[in-house]
Amino acid sequence: MTTVTLIAVGVGAVAAAALPLGAGVGLLAKPGPKVTSALLAFGAGALLCALSVEIVAHSLEKYGLAPLAVGGILGGVVFEVFNQVLNQKGAFLRKFAVAVRQLSAEKREQERLLIEQLSKVHLLQALPPEEIAPLVHAAQAVHLAEGEELFREGDAGSSLYVVTAGSLEVTRGGVKVAVIQAGDTVGEMAVVTGAPRSASIHALEPTKLFRIPKHAFDDLVRSAARVRDTVSQLITLRTEQLKERLLVPQAEAEDWKTRAAAQLSEERHSRPSDHEIEEAAHAQKHPVMGIWLGNFLDAIPESLVLGTTVMGAGTLSWPLMAGIFLANFPEAMSSAGIMRTAGLKVRTILLVWASIVIVGGLCAGMGSLFLVGVSGTTFGIIEGTAAGAMLVMIAETMLPEAFERGGAVVGLSTLLGFLAALSVKALG
């Protein structure tokens, strides 16, 4: 390994050293959202300046538009694909804004599935679609392992269950009487009357359900006279139908589902609570690995291209190094908070970020060792690839994170960060 490569490794490690430093400050000082937002926007502005001046302008002037554009599109697409895959593995927990987006999307999908099933339930068909939102929001996810019991015969009936995956066996007096599949519901009469369970139910396989508590339905009934009247008529006229679990006609179900979904889509979804974020982390098989891989993905393009700027002692792109350092510090500071909320230990968080310092150094070394000296057009594509990946990363993670928490302060902070990195360029 040459001296230049060793210098590149050191430069990459120094730029990435802001990550554990920022994480430590975030965990100890616990800065407020406005401060975090301002620093994130400042770092994003600094990185945008370094990206524009040191990579894009240089590549455009030296190699032309075509290699830069081809590389930019390639880098952006590759980063986006890997980012989406890793987010599904738990990497979304590394950024608050990404976690909000991911969990909100999952919640909307859950609501869609729930409405699909509820549209076929006589009891809920009796409710006006515009009144269904409180029930959907009150629904709680339930997961049963194979053989696990949902309830026993004679238990108090206090909930309606909607099966979304798996299957359940129904027994009465110890004798199997039915199997309930995904798409079926359990406990309609319990929601209306609170009558004891007439059978026992256990899971035949891992099964997912939604539980709608009776108190949520009761609150809805108490809130509107027309709902009370409708339910009264339902109890009088349709008790036998409910017992027989007859399905609603398809046309009625579709109309009700459409109107209920339209009502929900007009509502603004609230941010996920700390409890929801923690539950999302527990739902992942390997959340730490997902978070680490997400951070690894963020570090690769900037470290590789930083390494290519190192030609010897003192000859490197100081604006790019400063931009990366200034972006890394608030990024890790913000991420440490969401990682802590997700239930990760302080030691684990610091180790995750410290390991990225090693990654940053190695990637910078690889950039210096393998990328310097390639043909002009090829190097233009390489720089464009790094620029595209970095730009998508800034747009998808850093700026949304800043806006999510800080609002109006973001614009000026981004400008100040841009000017700070530009000042480093001017002074250099």
On the Cα set of segment 313-428, report Rg and Dmax in Å, please. 16.7, 48
Counting other beta carbons within 10 Å of each residue's own, what order do Y63, Y161 fall into, fewest first? Y63, Y161
Where the only charges are on Cβ atoms (+1 Lys, Arg; -1 Asp, Glu), what is the dipole of segment 289-409 about its Cα centre, to the nearest 20 debye? 380
Lys, Arg +1 and Asp, Glu -1 on Cβ, resulting dipole of segment 342-428 about Cα centre, debye, nearest 20: 280
Could you size up the charge dipole of segment 1-150 around its Cα centre, putting +1 on the beta carbon of Lys and Arg and -1 on that of Asp and Glu, and report it in debye to the nearest 20? 580
How do the peptides 104-110, 2-8 rank, highest first, by the average count of neighbouring beta carbon atoms within 10 Å per residue? 2-8, 104-110
Over 25 Å between Cα atoms: which of K89/K208; K107/K208; K95/K214; K34/K107; K107/K214; K95/K425 fall into that group? K95/K214; K34/K107; K95/K425
Per-residue Cβ contact counts at 10 Å, fewest first, order M339, M393 as M393, M339
Protection-proxy order for peptides 201-214, 379-392, each taking the mean of Cβ atoms within 10 Å per residue, highest first: 379-392, 201-214
By counting other Cβ atoms within 10 Å of each Cβ, how are S52, S375 ranked from fewest to most? S375, S52
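Values in this text are rule-based calculations from the coordinates and carry no lab data. Nothing here was measured: the structure is a model prediction, and the numbers come from that model. Ideal geometry is used to build each Cβ from the backbone, glycine not excepted, and the neighbour counts take in all protein chains shown.
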